Amino acid sequence: MIILGIETSCDETGVALCSNFEILSSYTKTQSIHQQYGGVVPEIASREHEKYLPSITDKVLKEANKNFQDIDAIAVTNGPGLMGSLLSGISFAKGIAQALSIPIIPINHLEAHLNSVFIEHEKLEAPFINLLVSGGHTQLWLVKNMFEYDLLGETLDDACGEAFDKGAKKMNLNYPGGPEIEKLAKNGDRNLINFPRPMINDNSFNFSFSGLKTALINCVDKDKYGFEDIAASYQEAIVDTLINKFEKAMIQFSAKSGIICGGVAANKRLREKLDKLDQKIIYPSMKYCTDNADMIAFLAEHKFKNNKVNFEKDFSAYSRGMITE
Ligand code: KG4
Ligand code: ZN
């Protein structure tokens, strides 16, 4: 069967074709228009999705040498995410499904992220721990199997990507802030400023980054240290906090491996320190760490073939929400 996947939960417009668990073709358009505003502007994001979905879909079909009549089902992200962005993708997907009289499969964005590792590692042994670190999420999951997951902990306030972005903004750096801080940190002293490592001594698997962000703001305002040293020490604090909980979870649940995904997974200092752990760490390709439609179409095919799809057409978007059956 051939599934067309659509992903528009934030500022990436993704379209992919999946058949027999192989990605035939895919394209992800990152909306660079938001850079000038220092963050994602929801209304602009919705319009950009609506504007480009038709041409991206044509491109993806052409690349796989397929046409609309070859599609057996449509999969679309319906939450969590930005409401307007999600609705742009859902409306487009529903139009195609209706016109072709084919089923439409709503997919939870987080569940797709958790399973995206199987696209490249078909035979990955469970249980494993998945650390999802993006601009909107910081979550630690125990994956017992496909369709079987426990949320061990998550951020109680800002996501760690947000901590990078807001920290960068305070230092007048560009958006997204993560790569900017990483660049600046290269020439800084990561041990100079002792930023807090929030919640590393409690027993939960939760995170908190807003206090750390406030510490950075105060530090910049004091005007005592250079930005390179601040960036290096701040990055080190975020990385240490993530690794502390990630490693504890892997040990506690006897995980066979640890997976890291989300935009922050690109961070080289994070990878350098993860490599030093006495654990097997898997880094999915960057295109599968960030938002993409491949993971939407791929999970939809698994759900379809395991009779886990609710074929109800009257679904809509939700901005927040966990994985439900
Ligand atoms: O998963 P993602 O591309 O988009 C969503 O949030 O949905 O993640 C974007 C986040 C941003 O906060 C960005 O600053 C961060 O990932 N990021 C990084 C790096 N590259 C992207 N953070 C730290 N180091 C990086 N190299
Ligand atoms: Zn995402």
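One table, with the values for the structure above:
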| item | result |
| --- | --- |
| Candidates Leu82, Leu110, Leu87, filtered to the one that is out of contact with any Lys or Arg (no Cβ under 9 Å at 6 or more places or on another chain), more than 16 Å from ligand 1 (Cβ to nearest atom) and outside the structural domain of Asn244 (by TED's automatic domain parsing) | Leu87 |
| Test: residue in the stretch 91-107 that is assigned to a helix (DSSP H, G or I), in contact with an Asp or Glu (Cβ under 7 Å, 6 or more places away or on another chain) and buried (at least 18 other Cβ atoms within 10 Å of the Cβ) | no |
| Among the candidates Ala297, Ala266, residue that is within 16 Å of ligand 2 (Cβ to nearest atom) and surrounded by 23 or more Cβ atoms within 10 Å (Cβ to Cβ) | Ala297 |
| Residues located in the stretch 128-139, provided they are within 16 Å of ligand 1 (Cβ to nearest atom) and at pLDDT 95 or above | Asn130, Leu131, Leu132, Val133, Thr138, Gln139 |
| Residue in the stretch 228-248 that is out of contact with any Cys (no Cβ under 9 Å at 6 or more places or on another chain) and under 19 Å from His121 (Cβ atoms) present | yes |
| Candidates Glu148, Glu154, Glu120, Glu125, filtered to the one that is open to solvent by 10 Å² or more (accessible area, probe 1.4 Å), within 15 Å of ligand 1 (Cβ to nearest atom) and either of a type in the set (S, T, N, Q) or over 12 Å from the mean Cα position of the chain (by Cα) (or both) | Glu154 |
| Among residues of the stretch 242-261, those that are in contact with a helix residue (DSSP H, G or I) (Cβ under 7 Å, 6 or more places away or on another chain), crowded, with 22+ Cβ neighbours inside 10 Å and in a helix (DSSP H, G or I), counted | 1 |
| Residue within the stretch 55-71 that is touching a helix residue (DSSP H, G or I) at 6+ places or on another chain (Cβ under 7 Å) and within 24 Å of Ser134 (Cα to Cα) present | no |
| Filter result for Lys144 (more than 16 Å from ligand 2 (Cβ to nearest atom) and under 21 Å from Ile281 (Cα atoms)) | yes |
| Qualifying residue in the stretch 167-186 (condition: within 16 Å of ligand 2 (Cβ to nearest atom), in contact with a helix residue (DSSP H, G or I) (Cβ under 9 Å, 6 or more places away or on another chain) and acidic (Asp, Glu)) | no |
| Any chance Val239 is modelled with pLDDT of 95 or more, within 16 Å of ligand 2 (Cβ to nearest atom), surrounded by 17 or more Cβ atoms within 10 Å (Cβ to Cβ) and farther than 19 Å from Phe118 by Cα | no |
| Some residue of the stretch 29-41 being surrounded by 24 or more Cβ atoms within 10 Å (Cβ to Cβ) and either within 16 Å of ligand 1 (Cβ to nearest atom) or closer than 19 Å to Lys169 by Cβ (or both) | no |
| Residue count for the stretch 300-317, restricted to those that are closer than 22 Å to Gly95 by Cβ and surrounded by 15 or more Cβ atoms within 10 Å (Cβ to Cβ) | 7 |
| Members of the stretch 168-208 found to be within 11 Å of ligand 1 (Cβ to nearest atom) and not in a helix (DSSP H, G or I), listed by number | Leu173, Asn174, Tyr175, Pro176 |
| Residue match in the stretch 60-81 (condition: within 16 Å of ligand 2 (Cβ to nearest atom) and open to solvent by 20 Å² or more (accessible area, probe 1.4 Å)) | yes |
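The values are calculated or read from the model by the stated rules, or taken from the named source; none is laboratory data. Everything numeric in this text was worked out from a predicted model, so none of it was measured. In this analysis, Cβ positions are derived from the backbone assuming ideal geometry, glycine residues included, and neighbour counts consider all displayed protein chains. The accessibility values were calculated without ligands, DNA or RNA, using every heavy atom of the protein model including side chains. Shrake-Rupley method; radii C 1.70, N 1.55, O 1.52, S 1.80 Å.
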